[in-house]
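Values in this text are rule-based calculations from the coordinates and carry no lab data. What you see is a predicted model; the values in this text were computed from it and never measured. Heads up, the Cβs are rebuilt from the backbone with ideal geometry, glycines too, and the neighbour counts pull from every protein chain shown.
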Amino acid sequence: MKSPLCETLGIEFPLFAFSHCRDVVAAVSRAGGFGVLGATRHTPASIQIELQWIDEHVDGKPYGLDVLIPENLVTRGETGLTAAALAARIPQAHRDFVADLLKRNHVPVPADQVRDGAPPYDPRQALETLEAAFRHPIKLIANALGVPPPSMIELGKRHGVPVAALVGAKEHAIRQAKAGVDILVVQGGEAGGHCGEVSTLVLVPEVLKAIKPLGNIPVLAAGGIMTGRQMAGCMALGAAGAWTGSVWLATTESETSEIFREKMIAATSRDTVRSRGRTGKPSRQLRSSWTDAWELPGSPSPLPMPLQSLISEGALRAIERSAAAGNPAARTLVTYFVGQGVGLIDSVKTARQVVEEFKLDFADAVEELQNLSQE
């Protein structure tokens, strides 16, 4: 495909694949798309290992990196925090609630639910991880949950690498454009993970209209996009490509467990929910006994980001282990970030197969539209 964005990034097809799994990233880029590694959980040391592996398996194709530097954290402005120090602020009522939920479902309560080191979503560590990543030939950096800090935008400009940012509302897009972001990922409420409430079909044209006076900023459509036909529809709206995430969770290479893949295949598009029970901010995930528990009368309100992650992530890892060991009650608790497009997942495929299906589906949709214009 010939487009300014494809030429800028050196890609064949503007299908962007966000994944926490390096295997997915490399496979998608090799197949002509653009893999983007989610680096939220990484440190400067661990990102070196991941990117070195990608460099060795991507056949010289371009790929990018996504970090999560939220604008609004309850710890904003504090320095020198550790995960352990922050965990000391978690109310006992929340600790008891999680422990009781695990015990009632026969899940062993982990002795230490908090991993040592920097707290979740630590801005300083994210920027240090980005700095380390530029020892590798990354071609795009992206930020979620707010305007990238000026240092991140400057870092991109210094290395000649475009900076992308996710937006879930027209107002967010305008702020991002004025801050100097190069690419906007316009993410509808159908998306997995942190998302807003406006649908992709409404949000993409709304943002395109709003930013038009600010310059020619490429927009990638995101949220619920699981097929090439959907991608073609979004590009007919004016998007320069598609940013996808959930579709890669059902691939053989993904980081998800076999149990979660089975739950995805069985799920309908109505089986996801926007819940604060995992990160403290509304994020779309598969509905489960875990997400339901936080909505029951008498349950504590989820803590603000990043405190909620400190009590949820360790518990959810314990749930996955217990479910894998054959505990049926733990299986009902298993959840993960996934969008409403989960209803379109009917089998597990390789990442390359997904890319090829996107291409064929996209081409069919474009051909049908062209035929209509000729009739």
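Between the alpha-carbon centers of segment 1-71 and segment 299-374, tell me the distance in whole angstrom. Comparing the Cα centres of segment 1-71 and segment 299-374, I get a distance of 19 Å. Just to confirm the number: angle between the C-alpha axis of helix 200-211 and the first principal axis of the chain, 0 to 90 degrees, nearest 10? Taking the Cα atoms of the chain, the angle to 200-211 is about 60 degrees. For the chain, find the longest principal axis of its Cα atoms and tell me its angle to the long axis of helix 150-159, 0 to 90°, nearest 10. Relative to the chain, helix 150-159 is tipped by roughly 50 degrees.
Set the bar at 28 Å for Cα to Cα. Now go through Lys170/Lys281; Lys139/Lys263; Lys139/Lys212; Lys61/Lys281; Lys178/Lys281; Lys212/Lys281 and name every pair that lies beyond it. Before the final figure, lay out each step's value.
Details: Lys170/Lys281 19 Å; Lys139/Lys263 34 Å; Lys139/Lys212 25 Å; Lys61/Lys281 35 Å; Lys178/Lys281 25 Å; Lys212/Lys281 30 Å.
Over 28 Å Cα-Cα: Lys139/Lys263; Lys61/Lys281; Lys212/Lys281.
Largest GNM mean-square fluctuation among Gln187, Gln125, Gln52, using the chain with Cα springs under 10 Å: Gln52. Rounded to the nearest 5, the antiparallel percentage of DSSP beta bridges internal to segment 60-213 is 0%. Selection among Pro149, Ala84, Phe362 by position relative to the dipole of the chain gives Ala84 as farthest towards the positive end (Cβ unit charges, Cα centre).
A Förster distance of 25 Å, applied to the separation of the beta-carbon atoms of Ser347 and Ala93, puts the FRET efficiency at 0.05.
Note on Arg104 and Asp271: with the Förster distance fixed at 22 Å, the Cβ-Cβ geometry gives a FRET efficiency of about 0.45.
Placing a label point 7 Å from the Cα of Glu262 along the Cα-to-Cβ direction, the residues of segment 305-331 whose backbone N falls under 11 Å from that point are 323-328, 331.
Rounded to whole Å, give me the distance from the Cα center of segment 180-204 to that of segment 252-287. Cα centres, segment 180-204 to segment 252-287: 18 Å. In degrees from 0 to 90, rounded to the nearest 10, what is the angle of the helix 351-374 Cα long axis to the longest principal axis of the chain? The angle comes out at about 40 degrees. Taking every DSSP beta bridge that has both ends in the chain, the antiparallel portion is near 20%. Remark: Thr79, Thr291 ranked as Thr79, Thr291, counting other beta-carbon atoms within 10 Å and listing the fewest first.
Given R₀ = 30 Å, what would the calculated FRET efficiency be for Glu368 paired with Thr8, taking r from the Cβ atoms and rounding to 0.05?
For Glu368 and Thr8, the calculated efficiency is 0.55.
A simple count of charges around Glu197, restricted to other residues whose Cβ falls under 12 Å of its Cβ and scoring Lys, Arg +1 and Asp, Glu -1, yields +1.
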